[in-house]
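The values are calculated or read from the model by the stated rules, or taken from the named source; none is laboratory data. Everything numeric here is computed off the predicted structure, so don't read it as measured data. Cβ coordinates were reconstructed from backbone atoms using ideal geometry, including for glycine residues, and neighbour counts include every protein chain displayed. With ligands, DNA and RNA removed, areas are computed over all heavy atoms of the protein, side chains included. Shrake-Rupley method; radii C 1.70, N 1.55, O 1.52, S 1.80 Å.
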Amino acid sequence: MESMVEPKPGEIYQHFKSPDKKYRIICVAIDCEDPSRRTVRYAQLYANEFPIGKEHSRSIDEFMGDKVFEEDTSIGSKLFKKGDRVKRFMLVG
């Protein structure tokens, strides 16, 4: 796996689907059984079916990686074509 910049605690990211919804990084956790497996723990900074501060986790590869669309997809006012690639999360602060 090529080296990637890891998110740092306190940084703010947004998901490609909803630029108005922000997430604060809590930490990057290391699996005690397999130190090569890392997950990003993050808290949402908006309320929906979950309260502000609800914690989530994803593998670091998924969090820092790209979303590749397998078919034409419309999300809000954006249209993504099959094969389009976008960063899943983007650093905003």
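Assorted remarks:
- Net length available on complete extension from Ile75 to Phe16 is 20.3 nm, with 0.36 nm assigned per residue and the Cα-Cα distance removed.
- Solvent-accessible area assigned to carbon and sulfur over the chain amounts to 51 percent, based on a 1.4 Å probe.
- Comparing Ser57, Ser18, Ser36 in a Gaussian network model of the chain where C-alpha atoms under 10 Å apart are linked, the largest mean-square fluctuation is found at Ser36.
- In the chain, excluding the sites themselves, the longest stretch lacking any of the GluC sites (Glu not before Pro) that are in a DSSP loop with at most 10 other Cβ atoms within 10 Å is 3-32.
- Under the Karplus curve 6.51 cos²θ - 1.76 cosθ + 1.60, θ = phi - 60°, whole-Hz ³J(HN,Hα) for region 39-54, x wherever Gly or Pro sits: 10, 9, 9, 8, 10, 6, 10, 8, 9, 8, 5, 10, x, 3, x, 4
- Whole-number accessible area per residue in Å² for region 1-40, which is evaluated in the context of all protein chains at 1.4 Å: 68 Å²
- For the chain, the set of trypsin sites (Lys or Arg not before Pro) satisfying both a DSSP loop assignment and a count of at most 10 other C-beta atoms within 10 Å is given as Lys81, Lys82.
- Listed values [x] 15, 43, 32, 9, 0; [y] 17, 58, 25, 0; [z] 15, 36, 30, 16, 3, entry calculated as P(r) over Cα pairs in 10 Å bins from 0, in percent: [x]
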